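The values are calculated or read from the model by the stated rules, or taken from the named source; none is laboratory data. In this text the structure is predicted, and so the values were computed from the model without any measurement. Cβ placement follows ideal geometry from the backbone for every residue including glycine, while neighbour counts extend to all protein chains displayed.
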Amino acid sequence: MSELLRQIATPADIRALPAERLGDLAREIREEIVATAADHGGHLSSNLGVVELTIALLRVFDPSRDRILLDVSHQCYAWKLLTGRAGSFRSIRRTDGPSGFLKRSESPFDAFGAGHAGTAVSAALGFAAARDSRGGDEAVVAVVGDASIVNGVSLEALNNVHETTERLLVVLNDNEMSIGRPVGAFSRAFARLLASPGYNRWKSRIESYALRRLRMAPLRGAYHALESRVKSLFMRRANTPFEQLGMRYVGPLDGHDIPLLEEAFRALRDSRVPTVLHVHTKKGRGWAPAEADPEAWHSAPPFNPETGARSAPASGTVAWSDAFGDALCRLAAENPAVCATTAGMTAGTGLARFAREFPSRFRDVGICEEHQITFAAGLAAGGMRPVVAVYSTFFQRAVDAAIHDVALQGLPVVLALDRAGVVPGDGPTHHGIFDMAMLRPVPGIVLAQPRTPADLDAMLDIAIAHDGPFVIRYPRGSAPDDRAARAAPPIQLWRAAVLSVTGSGRPSVSIWTLGPQDDWADAVQKRLAERGVGTVRTDARFVRPLDTELLRRQAEEQDIGLFVSFEDASVSGGLGSAMREALDALPRHPRLVSFGWPDDEFVPHASSTADLMKRFRIDPDSAAEAILAELRAK
């Protein structure tokens with residue numbers, strides 16, 4: 001750790017630091033962020049962009065009493081370094097290290113946990129209302145970045161500010177990016193605010209002077225009145241959305257000018273009018289590769305900090321997102337009704353190629369997943385075949401839309417749930433382990449998971465042709481690329497597939513897995529074979545509807561008495577639960593041992609999936625022992 005960071009144990013140490021050393025502090029913070037992300041990955045470009053903003057916030061506000069909320073938490077690394085976690089920062093996102101997001105249980109300075117976009121303004125409004133009710137005087141600040149201001153939750157909260165409190169500061173960190181390029185009318189309005197030359201020439205000269213010089217409240221009041229009149233001359237419509245909602249708008253200010261930011265925060269700290277302070281920052285600032293391509297460095301794998309070179313993917317593998325995007329491009333070339341949507345994640349969901357090749361059939365709706373699903377329902381009702389690409393964890397926000405607007409009407413919408421299963425470094429805000437439990441009870445939905453990229457290719461064919469809602473879930477990461485050897489047809493709708501059988505006689509155990517769990521299932525099968533236990537290994541492929549006919553044949557015709565399920569999802573509500581229901585309906589009621597992620601606690605972050613599996617005793621060794629114990633208890 002570098003010189004100045006060693007001196008900062010609490011936010012009070014930042015306030016005691018001489019102003020002339022703040023630039024050095026910002027440089028050290030960036031060096032620490034880059035070095036840590038280079039070692040084991042993490043959110044990089046957004047965190048590099050908010051270093052000066054974070055320093056200024058902690059110089060003016062006291063997080064031991066004031067409430068400062070960072071939306072999304074893609075911008076929390078500098079915050080963690082300056083609020084007592086510098087010593088453990090190099091282990092961020094690792095097993096037993098700090099979380100990569102804000103987490104209330106981790107530090108008293110993390111006022112509100114966050115991992116999904118749009119929560120800061122709503123939660124801050126709740127903090128402000130609670131403060132007003134008990135007569136408190138602490139400041140409440142919501143720092144909104146990565147285009148979260150256009151999220152539906154943020155807009156609903158902004159609509160409610162005027163009737164709720166007189167004291168709330170919303171810092172709009174405008175880095176001209178969401179995760180990809182921002183879209184929509186609000187983004188264009190912010191661009192006009194930043195690009196109005198007449199207004200900004202006046203603003204940069206007068207407001208900077210005023211914030212630094214007009215320290216007396218009466219003079220600031222006179223300046224604010226003058227500011228509003230001048231704004232109305234230069235920008236009759238561009239800056240009115242916030243003011244029409246009953247909030248004062250200040251900015252845009254340079255988000256890398258610490259003295260200016262400090263003066264702005266001091267001037268606005270006790271304002272009796274809820275205020276939006278618009279600051280302009282550079283995503284990736286201070287590290288050339290991230291400045292040049294902030295989207296590519298939004299969430300970075302390990303890399304060389306000197307050159308920016310990343311480790312090459314393993315030979316013969318393909319990323320699941322890329323396999324999805326390639327298959328969708330093939331289908332779109334064959335069928336002009338095929339179209340795709342993303343919620344601010346074009347590259348992350350593998351749709352970059354689709355967006356280039358089929359621009360008229362591609363829509364980025366911004367960070368608005370509920371709208372994304374209902375928009376797709378409208379596309380389907382209008383005769384298109386929409387494919388919704390969304391991370392499983394973010395889809396949680398749109399379950400009502402999937403039920404009410406898609407399933408209830410039986411519309412042919414394909415939901416492609418990327419990052420299904422655990423996402424170890426990001427942790428509980430990003431694990432995609434609840435999708436099956438939320439969707440399996442919904443009538444009319446097909447719920448599937450491919451085992452290999454070739455299976456994903458085939459499942460998309462089936463999904464596009466299916467006359468109703470179809471959900472395909474697949475994990476983060478890569479898999480061996482078997483697409484060139486794809487057989488036709490490799491998959492039948494609603495049918496599972498037997499993969500292997502061990503043992504000389506009839507198997508006594510049937511292992512059912514869902515998705516790319518070959519390593520786990522192979523390892524368990526080998527361990528059982530070493531103990532003389534014959535097994536049949538089955539790829540379930542579909543959870544709704546489950547292949548109950550194969551399940552029945554294994555139980556009744558093959559006389560298998562013990563079934564095992566394994567899924568990269570909550571142990572309740574998915575494959576294991578579906579098998580339990582089917583097995584209970586059989587006369588013999590075969591036994592079932594289910595393995596999956598716990599349903600009585602949230603799964604934490606860790607260095608790897610293997611670490612998490614060992615923690616919850618669902619690794620192959622533990623699973624094999626549990627199965628053998630169940631056989632002995634017969």
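Does residue 156 satisfy the condition of being without any contact (Cβ under 8 Å) to a residue 60 or more places away in the chain and either outside any loop (DSSP other than H, G, I, E, B) or assigned by TED's automatic domain parsing to the domain that holds residue 43 (or both)? Spell out how you get there, then give the answer.
On the way: without any contact (Cβ under 8 Å) to a residue 60 or more places away in the chain: yes; either outside any loop (DSSP other than H, G, I, E, B) or assigned by TED's automatic domain parsing to the domain that holds residue 43 (or both): yes.
The answer is yes for residue 156.
Give 502, 513 a once-over and let me know the one that is among the β-branched types (Val, Ile, Thr) and within 25 Å of residue 460 (Cβ to Cβ). Every option except 513 fails the conditions. How about segment 103-116: which of its residues are modelled with pLDDT of 90 or more and buried (at least 24 other Cβ atoms within 10 Å of the Cβ)? Result: 110, single match.
Filter segment 433-442 down to the residues that are under 16 Å from residue 406 (Cβ atoms) and not aliphatic (A, V, I, L, M), then identify the one that is surrounded by the most Cβ atoms within 10 Å (Cβ to Cβ). Write out each step before concluding.
First pass over segment 433-442, keeping only residues under 16 Å from residue 406 (Cβ atoms): 435, 438-442.
With not aliphatic (A, V, I, L, M) added as a condition, the list becomes 435, 440-441.
Details: 435: 27, 440: 19, 441: 11.
Out of the qualifying residues, it is 435.
Summed over segment 408-432, the residues that are within 23 Å of residue 572 (Cβ to Cβ) and crowded, with 20+ Cβ neighbours inside 10 Å give a count of 15. Here is the figure for segment 586-599: residues that are modelled with pLDDT of 95 or more and not in a strand (DSSP E or B) total 1.
Looking only at segment 163-185, filter to residues that are assigned to a loop (DSSP other than H, G, I, E, B) and modelled with pLDDT of 90 or more; which one of those is surrounded by the fewest Cβ atoms within 10 Å (Cβ to Cβ)? Looking at residues that are assigned to a loop (DSSP other than H, G, I, E, B) and modelled with pLDDT of 90 or more, I get 163.
Take the conditions modelled with pLDDT of 95 or more, touching a Lys or Arg at 6+ places or on another chain (Cβ under 9 Å) and not aromatic (Phe, Trp, Tyr) and apply them to residue 582. Does it pass? Write out each step before concluding.
On the way: modelled with pLDDT of 95 or more: yes; touching a Lys or Arg at 6+ places or on another chain (Cβ under 9 Å): yes; not aromatic (Phe, Trp, Tyr): yes.
In short, yes.
Listed conditions (1) crowded, with 23+ Cβ neighbours inside 10 Å; (2) within 23 Å of residue 577 (Cβ to Cβ); (3) of a type in the set (A, V, I, L, M, F, W, C) are all met by residue 388, apart from (2). Annotation note: of 564, 571, the sole residue that is among the β-branched types (Val, Ile, Thr) and in contact with a Gly (Cβ under 7 Å, 6 or more places away or on another chain) is 571.
Taking segment 70-95 only, how many residues are out of contact with any helix residue (DSSP H, G or I) (no Cβ under 8 Å at 6 or more places or on another chain) and in contact (Cβ under 8 Å) with a residue 12 or more places away in the chain?
Taking segment 70-95 as the starting set, the residues that turn out to be out of contact with any helix residue (DSSP H, G or I) (no Cβ under 8 Å at 6 or more places or on another chain) are 73, 84-85, 87-88, 91.
Now restrict to residues that are in contact (Cβ under 8 Å) with a residue 12 or more places away in the chain: 73, 84-85, 87.
So the answer is 4.
Scanning segment 296-331 for residues that are aliphatic (A, V, I, L, M) and farther than 16 Å from residue 459 by Cβ yields 296, 300, 309, 312, 314, 319.
Listed by position, the strands (runs of 3 or more DSSP E) inside segment 443-535 whose residues that are surrounded by 16 or more Cβ atoms within 10 Å (Cβ to Cβ), among the acidic types (Asp, Glu) and under 27 Å from the mean Cα position of the chain (by Cα) number at least 1 form an empty set. Under the condition of being within 19 Å of the chain's Cα centre (by Cα), without any contact (Cβ under 8 Å) to a residue 60 or more places away in the chain and not in a strand (DSSP E or B), the residues counted in segment 326-355 number 3. Of the residues making up segment 127-152, those that are assigned to a helix (DSSP H, G or I) and within 19 Å of residue 277 (Cα to Cα) are 127, 128, 148, 149, 150. Taking the stated definitions as given, is residue 71 touching a strand residue (DSSP E or B) at 6+ places or on another chain (Cβ under 7 Å) and closer than 23 Å to residue 257 by Cβ? Here the answer is yes, as residue 71 does meet what is asked. Taking the criterion of being under 17 Å from residue 308 (Cα atoms) and either surrounded by fewer than 24 Cβ atoms within 10 Å (Cβ to Cβ) or in contact with a helix residue (DSSP H, G or I) (Cβ under 8 Å, 6 or more places away or on another chain) (or both), the residues of segment 38-56 that qualify are 38, 39, 40, 41, 42, 43, 44, 45, 47, 48.
Scanning segment 600-634 for residues that are loosely packed, with under 14 Cβ neighbours inside 10 Å, within 19 Å of residue 432 (Cα to Cα) and in contact (Cβ under 8 Å) with a residue 24 or more places away in the chain yields 602, 608. You will find that of 426, 435, 482, 418, the residue that is over 24 Å from residue 612 (Cα atoms) and of a type outside the set (Val, Ile, Thr) is 482 and no other. Annotation note: of 100, 84, the sole residue that is assigned by TED's automatic domain parsing to the domain that holds residue 145, surrounded by fewer than 22 Cβ atoms within 10 Å (Cβ to Cβ), of a type outside the set (Val, Ile, Thr) and in a loop (DSSP other than H, G, I, E, B) is 84. No other residue among 160, 151 is modelled with pLDDT of 55 or more and surrounded by 21 or more Cβ atoms within 10 Å (Cβ to Cβ) apart from 151. Within segment 57-81, the residues that satisfy the criterion of being buried (at least 24 other Cβ atoms within 10 Å of the Cβ) and either among the basic types (Lys, Arg) or part of a loop (DSSP other than H, G, I, E, B) (or both) are 71, 72, 73, 74, 75, 76, 80.
Filtered by the rule that a residue be within 21 Å of the chain's Cα centre (by Cα) and free of Cβ contacts under 8 Å to residues at least 60 places away in the same chain, segment 98-118 gives 98, 102, 103, 104, 105, 106, 110, 111, 112. Is there a residue in segment 17-36 that is touching a Phe, Trp or Tyr at 6+ places or on another chain (Cβ under 6 Å), surrounded by fewer than 21 Cβ atoms within 10 Å (Cβ to Cβ) and either touching a residue at least 12 places away in the same chain (Cβ under 8 Å) or charged (D, E, K, R) (or both)? There is no residue in segment 17-36 that is touching a Phe, Trp or Tyr at 6+ places or on another chain (Cβ under 6 Å), surrounded by fewer than 21 Cβ atoms within 10 Å (Cβ to Cβ) and either touching a residue at least 12 places away in the same chain (Cβ under 8 Å) or charged (D, E, K, R) (or both).
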